[in-house]
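Below is one structure, written out as C-alpha cells; the observations come after it.
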Amino acid sequence: MKHVWSRLIVGILALGLVLATSTGSFAGHHGTHKEKKVGILLVAFGSSEASAQVSFENIDRKVKAAWPDVPVYWAYTSRIIRHKLARQGKILDSPAVALARMADEQFTHVAVQSLHTIAGAEYHDLRRVVGAFKSIGDFESIILGYPLLATQTDMEKTVDALFDMIPADRKKEDAVVFMGHGTHHPSNAFYAALMFQAQRRDPHLFIGGVEGYPEIDEIQSWLAEKKIKAAWLLPFMSVAGDHAKNDMAGDEEDSWRSILSGAGITCHVIMKGTAEYDGFVDIWLSHLKGVLSHFD
Ligand code: CO
C-alpha cells in the first residue's frame, strides 16, 4: 500500500514538473522576459556625396528632437553606396544587418521608416526584409512606415513643399523643373501624378525623371511649346547627391542643364535635396509618428 502511495506522489510531482516547464516556456526563451524597448530604424537609399550628408543630418536631428527617448539607427538600401563608404572607413548597415543588430540589443518594438520618395523597388525590397523579421519573431512588433509619397494628403503636402523650394527670384514666366529619380517600377506614375497636381497651381512647374517618364527630352519639348526662356533646375530627391551634381547640373552634354541651355534656355541651378526642407521632412515624420502610435 505504501508502495502505491509513493508511486502516486512521484507521478503527481512529475506531472507538476512538466506543467511548470511548459508554462515557464511561455514567458520567453529560457525563461527570460524582455522589457519593452522601442527603436527607430531610418532607411535611405544612401549617398556617398558629402553634399548629401546635410539632408541625412537634418532628418536625424528632427527625428531625435521629436522622440528624444527613442534610440535611432540608420541603414542604407544601396549596396554600392555602402561598399563605397566602407572603403572610406564609414560603415553603414544594410536594413537586414541593422535589424539583426537591434534584435540582438533586445529591442521589442521597431519602427522602420523609409526615407525613399516613392514606394518603388527599394521600398519593396525593404518591405520584404521587414516581413522576414516579422516571421522570425524576434520583435514583438515591427512596422514599416510609408515613403514620402503614399496618400493623397502626402501629395498635397508635397506640392506645398515643392512651391516652398522655389526661390523668390524666379519670375512667373520662368519654368521650374524638378529632377526626380524615376524608375522602371510601376510607382513611377507618382511623378506625373504629382506634376499634374502641381500644374493645377502653376502650369510652368515640371517634374521629370533621370530614369523614368517624363524624361528630359519630353520636358524640353513642353518648354519649347510654352516658349520658355529660363528654367530653374532643382532636385526632387532627398539629397543633392550624384544625380543632382552630374545628371542635373553637370557639364556633360547630356546633363539637364546642358540640354536645356543648348535649346536656348537660361538655366538656374539649386543644389538642395528635399530632406533639407522641413516641409518634406515633416511628411516622413508624420508616417513615422503613425507607426510609433501602434506601440503605445
Ligand atoms: Co540613381
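The values are calculated or read from the model by the stated rules, or taken from the named source; none is laboratory data. Keep in mind that what you see is a predicted model, and the values were worked out from it rather than measured. Quick reminder, even Gly has a Cβ in these numbers, built from the backbone with ideal geometry, and neighbours come from all protein chains shown. For accessibility, only protein heavy atoms count, side chains too; no ligands or nucleic acids. Shrake-Rupley method; radii C 1.70, N 1.55, O 1.52, S 1.80 Å.
The table below gives the values:
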{"read-out": "Residue selected from the range 87-134 under the condition part of a helix (DSSP H, G or I) and of a type in the set (Lys, Arg), by the criterion surrounded by the fewest Cβ atoms within 10 Å (Cβ to Cβ)", "value": "Arg87"}
{"read-out": "Some residue of the range 175-191 being touching a Lys or Arg at 6+ places or on another chain (Cβ under 9 Å) and either buried (at least 20 other Cβ atoms within 10 Å of the Cβ) or among the charged types (D, E, K, R) (or both)", "value": "yes"}
{"read-out": "Enumeration of residues in the range 245-267 that are among the acidic types (Asp, Glu) and either surrounded by fewer than 14 Cβ atoms within 10 Å (Cβ to Cβ) or in a loop (DSSP other than H, G, I, E, B) (or both)", "value": "Asp251, Glu252, Glu253, Asp254"}
{"read-out": "Residue that is nearest to the ligand (Cβ to nearest atom), among those in the range 233-244 that are open to solvent by 20 Å² or more (accessible area, probe 1.4 Å) and either farther than 16 Å from Tyr277 by Cα or not in a loop (DSSP other than H, G, I, E, B) (or both)", "value": "His243"}
{"read-out": "Residue identified as within 25 Å of the chain's Cα centre (by Cα) and either in contact (Cβ under 8 Å) with a residue 60 or more places away in the chain or under 30 Å from Ala103 (Cβ atoms) (or both) among Asp138, Asp169", "value": "Asp138"}
{"read-out": "Residue that is nearest to the ligand (Cβ to nearest atom) [pool: residues in the range 61-86 that are part of a helix (DSSP H, G or I), over 22 Å from Ala121 (Cα atoms) and open to solvent by 30 Å² or more (accessible area, probe 1.4 Å)]", "value": "Ala86"}
{"read-out": "Qualifying residues in the range 201-232 (those that are assigned to a strand (DSSP E or B) and more than 12 Å from the ligand (Cβ to nearest atom)) - the one surrounded by the fewest Cβ atoms within 10 Å (Cβ to Cβ)", "value": "Ala230"}
